1. Counting DSSP beta bridges with both partners in the chain, what percentage is antiparallel, nearest 5?
2. Given 20 °C and 1.002 mPa s, how large is the Stokes-Einstein diffusion coefficient of the range 241-303 in µm²/s, with Rh as the Kirkwood radius over Cα pairs?
3. Evaluate Rg over Rh across the range 224-378, taking Cα atoms for both radii and Kirkwood's formula for Rh.
4. Taking only the alpha-carbon positions of the range 292-393 and ignoring solvent, what does the Debye formula give for the base-10 log of I(q)/I(0) at q = 0.13 Å⁻¹?
5. Which of the lysines could a cross-linker bridge to K244, judged by Cα under 28 Å and excluding same-chain residues fewer than eight apart?
6. Dividing the Cα radius of gyration by the Kirkwood radius, what Rg/Rh value follows for the range 88-180?
7. Rounded to two decimals, what is the ratio between the C-alpha radius of gyration of the range 27-167 and 2.2 N^0.38 Å?
8. Would you work out the relative contact order for the range 32-184, in percent, from Cα pairs under 8 angstrom that are 6 or more residues apart?
Amino acid sequence: MLRSGDADVAVKTTPGRRRVVIIGGGFGGLQAAKALRWADVDVVLVDRRNHHVFQPLLYQVATAGLSPGDIASPIRWILRRQQNVQVLLGDALHIDTDAHVLHLDIGQLRYDALIVATGATHAYFGHDDWQAQAPGLKTLEDAGLIRRHLLLAFEHAERTTDQAERTRQLTFVIVGGGPTGVELAGALAELANFSLARDFRSIDPSCAQVIIVEAGPRILAAFPEDLQQRAEDSLQRLGVKVRKNSPVTGIDDMGVTLANGNRIEASTVLWAAGVAASPLGRSLGAEVDRVGRVLVRPDLTVPGSDDVYVIGDLAHVEQDGTLLPGVAQVAMQQGEHAVENILRRFGNQPLRAFRYHDLGNLATIGRNAAIADFGGRWRFSGVFAWWLWLFIHVLKLTGFRNRIAVLIQWAWAYITHQRGIRLITGHDPVELPASGSSPSAR
């Protein structure tokens, strides 16, 4: 709750220096902080979590391929050598652009320039009640919850004697055919076909059904059509079923209902269909689009607030008539550009419009199967694209320790087909039902 008498947060202040505040330690916010390394300013980075997550590999944590610590690093550790940065653990509640004050749950923070990079969350298109039955994948907590759901489904199938219930437990529906949905489907199919193949006695894990449900006519819509087809062919070789032109109209504890009236009985439904921008953007008083992204100026500032910049998934930026995608490379380039304009503004120089440079788009489907598109000029698929995907993702990971850990895990998985993080941990409010099963041991 906001209070007009909030105390100022105690932060390091250097006389004569201006203060740049960054909200969010994701790709864009972290890149902005690093870009200010040599600037004569005080930088305060605020995040509600103490770690930065390499989101492109979250699906591997969710499917027991990697440990959470392999793809995440403490923000303080990442910025430990940057003396002009202070990291605060806090939740941003409201931005008072007139007073140049950011209100946090721990007090208020004044700024001379503000970068808002709070990202996006899951969007259920007006059906928020679906979230309990169909978790999305944005955080480490989400990944842990999904891993729990997936592994519990196999456990419940093992101990039930009802064949219909066993089939339901071994049916997994992924709503959304974008990169997250496709990568989840491929990894889940490999988990069932290979990693769990010898672990059970009453069931054959390879009989599991993995189904992608896509409302549109194509999966991986951001890729050229020939690469889309190759990705779909790779999914089919893994046994994944793809249902296109199939909007979801209902999700409950027992499965999914499609717009054509068809019903899929499934124990596990995963959401990869849409996102909504962080609600913090609405407190800026600027116009937002239908999913809450702030319509910023070409220089990334908020109309009416020259000292506030919005980047990443929270920013609505069009280039050549096309909305820029919510991917890491866009956020990182915007973070660097926002810093450039902040320093230009401090130096009384004109601001420059942002221009995105597309470095390419990649998606992996499974072992030795991936697609890569570099601006339409070079397109690859299959084994070469998969090795390219591996190399780029290892290179982009934060920290030498994480790169080595991921390389070792991937090498072991490649040789043995095993996934070592098959641990059921934590708890969730929606326990997967298992009719005909005995109580679990505790």
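Since every read-out is calculated from the coordinates, none of them should be taken as a lab result. Remember, it's a predicted structure, so these values are computed and weren't measured experimentally. Here the Cβ is made from the backbone with ideal geometry for all residues, glycine too, and neighbour counts use every protein chain on show.
1. Details: 35 of 68 bridges.
Just about 50 percent of them are antiparallel.
2. Numbers: Rh = 14.8 Å.
My calculation gives 145 µm²/s for D.
3. Details: Rg = 20.3 Å, Rh = 18.9 Å.
That ratio equals 1.08.
4. These q points yield log10 I(q)/I(0) values of -0.57.
5. Within reach: K138.
6. Here Rg/Rh amounts to 1.20.
7. Details: Rg = 20.0 Å, N = 141, 2.2 N^0.38 = 14.4 Å.
Against the empirical 2.2 N^0.38 Å value, I get 1.39 for the range 27-167.
8. Numbers: 160 pairs, mean separation 34.5, N = 153.
Once normalised by length, the contact order is 23 percent.
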